[in-house]
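Chemist: The following block contains the structure, expressed as structure tokens.
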Amino acid sequence: MSPALRKYIKYGLILLLSVSLILFTQEIKLIKNPESTPVTSMTFAGLGVLWLFSMIGIAISNFLQKSPVKFIREFPILGWVSITSLVLCLVSDFFVQAIQAVDFLSITTPILTFAGLSVANRLVDLRNTSWKVAIVAVFVFTGTYAGSALLAQLGLLLSGN
Amino acid sequence: MFKNFSYFLIFIFAVITISEMIGFQSIPIGPFNIGLLPLVFAIIITMVLGLQIFRKGFWKKVYSDRNISFAGKYLIFIMLPLMARYGADVAPQIREILQVGWVFIIQEIGNLGTVLIGLPIALLLGLRREAIGATLGIGREGELAYISEKYTLESKEGRGVLSIYIIGTLFGAIFFSVFAPILLDLGIRVEALAMASGVGSGSMMSAASATLVARIPEMESTILAYASASQLLTSFLGTFTMVFLAAPLQRFMYKTLVRGDK
């Protein structure tokens with residue numbers, strides 16, 4: 001088996017894990033609250049579509065590693081996947097319908113579970129971080145979010161929306 | 001090895017189950033309503049159980065170095081289906097989004113808030129060169145790359161950006177999931193908050209937009225469309241905003257403020 005193929009099989013399996021976790025979360029959500037998004041055959045189609053779009057995005061990103069333009073080489077995979085999804089969703093409404101049968105909040109819980117696990121060894125690094133930077137961090141995060149929100153509010157007001 | 005990995009998977013399923021069973025909790029604090037989503041419980045549970053004091057016996061197998069590095073290495077792939085979803089949110093509303101397209105571009109400039117608010121505070125606290133790294137942006141990969149290229153990560157500037165990176169990784173999602181609804185209660189429109197959610201980090205954006213959805217479920221499609229369009233724009237323009245606006249502004253403010261200090 002060629003190394004490139006092995007790599008894609010690995011990505012495919014990890015993405016399969018990701019969509020399985022989403023399905024699992026959506027099922028649990030249904031047990032907790034029967035009113036939430038139901039799991040139908042469209043949900044399975046939607047999960048398949050999410051898997052496919054992700055693979056296409058990975059392939060585009062890998063392919064463009066040969067590009068002479070630094071900006072294109074360094075453009076994140078996440079961005080390619082969003083663009084792929086946007087283009088294909090504009091092309092066919094089926095993709096939109098299928099994806100919307102997947103509950104949004106069910107996608108987020110597994111991601112943050114993974115994120116929490118991935119930083120487990122970093123907690124130690126906090127000791128090397130001064131409390132001053134921690135205070136600054138609060139203002140930095142506040143600054144970017146409040147700054148953008150205020151400008152957006154102003155913009156929406158001016159455009160009469 | 002394989003056994004440890006299966007413990008890891010079982011653990012993930014268990015954490016998801018527990019977090020979802022706790023469900024969405026709304027906690028009123030004074031005039032504000034802080035909403036805690038299952039995703040917040042998921043990140044807290046996994047972080048707390050990962051503390052060194054718990055790493056004995058069974059937990060040591062779940063939190064083996066191999067498993068943790070697996071989670072870190074492939075987090076981005078676990079996140080891809082989320083990004084793949086955003087097309088479906090944006091596509092049906094593409095006309096509406098293009099109509100207010102310039103507002104999306106304007107709010108990108110709001111990311112300069114990190115310098116405008118963060119830098120004076122950092123200098124006031126007595127930080128100097130660390131402040132350069134700590135306030136250039138929210139310390140994601142873009143800023144990390146820029147600072148390490150310009151100053152190296154061993155420098156004081158590098159330490160600053162690394163610290164923000166670590167704090168953001170650990171607490172960013174929790175912070176935004178609490179902060180977004182506070183601004184909502186202060187009277188900022190949900191559309192504006194949704195646009196602002198595209199801060200450039202996937203997990204922070206999901207946390208911010210998810211709490212907004214939980215608060216105003218009838219606006220779900222608009223919130224997600226705006227948040228993801230803005231996130232996509234940040235991944236295009238973020239580097240330019242940083243290099244051509246944030247960095248020069250920071251240099252100017254740093255010189256002015258530090259000189260006035262002496």
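The values are calculated or read from the model by the stated rules, or taken from the named source; none is laboratory data. Computed from a predicted model, the values in this text were never measured in an experiment. Here the Cβ is made from the backbone with ideal geometry for all residues, glycine too, and neighbour counts use every protein chain on show.
Chemist: How many residues does segment B:1-44 hold that are in contact with a Gly (Cβ under 6 Å, 6 or more places away or on another chain) and exposed (fewer than 12 other Cβ atoms within 10 Å of the Cβ)?
Modeler: Final tally of qualifying residues: 1.
Chemist: Hey, another quick one. Could you go through segment B:244-259 and let me know if any residue there is under 16 Å from the mean Cα position of the chain (by Cα), buried (at least 19 other Cβ atoms within 10 Å of the Cβ) and assigned to a helix (DSSP H, G or I).
Modeler: Of all residues in segment B:244-259, those under 16 Å from the mean Cα position of the chain (by Cα) come to none.
The answer is no, given that none of the residues of segment B:244-259 is under 16 Å from the mean Cα position of the chain (by Cα), buried (at least 19 other Cβ atoms within 10 Å of the Cβ) and assigned to a helix (DSSP H, G or I).
Chemist: Still on this structure, please answer the following. Kindly evaluate B:F58 against the criterion of being surrounded by fewer than 20 Cβ atoms within 10 Å (Cβ to Cβ) and outside the structural domain of B:P248 (by TED's automatic domain parsing). If you could, list the steps in order and put the result at the bottom.
Modeler: On the way: surrounded by fewer than 20 Cβ atoms within 10 Å (Cβ to Cβ): yes; outside the structural domain of B:P248 (by TED's automatic domain parsing): yes.
Here the answer is yes, as B:F58 does meet what is asked.
Chemist: For segment A:118-161, which residues satisfy the criterion of being more than 7 Å from chain B (Cβ to nearest Cβ), part of a helix (DSSP H, G or I) and of a type outside the set (A, V, I, L, M, F, W, C)?
Modeler: Of everything in segment A:118-161, those that are more than 7 Å from chain B (Cβ to nearest Cβ), part of a helix (DSSP H, G or I) and of a type outside the set (A, V, I, L, M, F, W, C) turn out to be A:R127, A:N128.
Chemist: Does B:S64 satisfy the condition of being surrounded by 15 or more Cβ atoms within 10 Å (Cβ to Cβ), over 30 Å from A:G12 (Cα atoms) and not aliphatic (A, V, I, L, M)? Write out each step before concluding.
Modeler: Details: surrounded by 15 or more Cβ atoms within 10 Å (Cβ to Cβ): yes; over 30 Å from A:G12 (Cα atoms): no; not aliphatic (A, V, I, L, M): yes.
Here the answer is no, as B:S64 does not meet what is asked.
Rundown of residues vs (1) farther than 27 Å from B:I44 by Cβ; (2) touching a residue at least 40 places away in the same chain (Cβ under 8 Å); (3) not polar (S, T, N, Q), yes/no style:
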| site | (1), (2), (3) |
| --- | --- |
| A:L50 | no, yes, yes |
| A:G57 | yes, no, yes |
| A:V81 | yes, no, yes |
| A:Q97 | yes, yes, no |
| A:Q100 | yes, yes, no |
| A:I107 | no, yes, yes |
| A:L112 | no, no, yes |
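Chemist: Of the numbered conditions (1) facing chain B (nearest Cβ under 9 Å); (2) closer than 26 Å to B:F236 by Cα; (3) of a type outside the set (K, R), A:L64 fails exactly one; give the number of that condition.
Modeler: Here A:L64 clears every test but (1).
Chemist: So which helices (runs of 4 or more DSSP H) stay within segment B:71-167 end to end and still have 2 or more residues that are more than 8 Å from chain A (Cβ to nearest Cβ) and surrounded by fewer than 24 Cβ atoms within 10 Å (Cβ to Cβ)? Let's see the steps before the verdict.
Modeler: Details: elements: B:94-99, B:101-109, B:113-124, B:129-135, B:141-151.
So the answer is B:94-99, B:101-109, B:113-124, B:141-151.
Chemist: From B:I105, B:I76, which residue is outside the structural domain of B:A246 (by TED's automatic domain parsing), under 23 Å from B:A225 (Cα atoms) and touching a Leu at 6+ places or on another chain (Cβ under 8 Å)?
Modeler: Values: B:I105 fails: outside the structural domain of B:A246 (by TED's automatic domain parsing).
B:I76 is the lone residue from the list that is outside the structural domain of B:A246 (by TED's automatic domain parsing), under 23 Å from B:A225 (Cα atoms) and touching a Leu at 6+ places or on another chain (Cβ under 8 Å).
Chemist: From the set of residues in segment B:209-236 that are more than 9 Å from every other protein chain (Cβ to nearest Cβ) and more than 17 Å from the chain's Cα centre (by Cα), which is surrounded by the most Cβ atoms within 10 Å (Cβ to Cβ)?
Modeler: Only one residue tops the list, namely B:A225.
Chemist: Which condition breaks for A:Q97 when tested against (1) part of a helix (DSSP H, G or I); (2) within 7 Å of chain B (Cβ to nearest Cβ)?
Modeler: Single failed check for A:Q97: (2).
Chemist: If you scan segment A:99-147, which residues turn out to be hydroxyl-bearing (S, T, Y) and under 19 Å from B:I121 (Cα atoms)? Steps first, answer last, please.
Modeler: From segment A:99-147, those hydroxyl-bearing (S, T, Y) are A:106, A:108-109, A:113, A:118, A:129-130, A:142, A:144-145; that's our starting set.
The answer is A:T129, A:S130, A:T142, A:T144, A:Y145.
Chemist: Out of curiosity, is A:S85 among the polar types (S, T, N, Q), crowded, with 17+ Cβ neighbours inside 10 Å, within 16 Å of the chain's Cα centre (by Cα) and under 16 Å from B:Y74 (Cα atoms)? Write out each step before concluding.
Modeler: Details: among the polar types (S, T, N, Q): yes; crowded, with 17+ Cβ neighbours inside 10 Å: yes; within 16 Å of the chain's Cα centre (by Cα): yes; under 16 Å from B:Y74 (Cα atoms): no.
The answer is no for A:S85.
Chemist: Report yes if some residue within segment B:31-54 is in a loop (DSSP other than H, G, I, E, B), facing chain A (nearest Cβ under 7 Å) and farther than 20 Å from B:S209 by Cα; otherwise report no.
Modeler: yes
Chemist: So, one more: Which of the residues that make up segment B:43-85 are more than 27 Å from B:I22 (Cβ to Cβ) and among the hydroxyl-bearing types (S, T, Y)?
Modeler: Correct list: B:S69 only.
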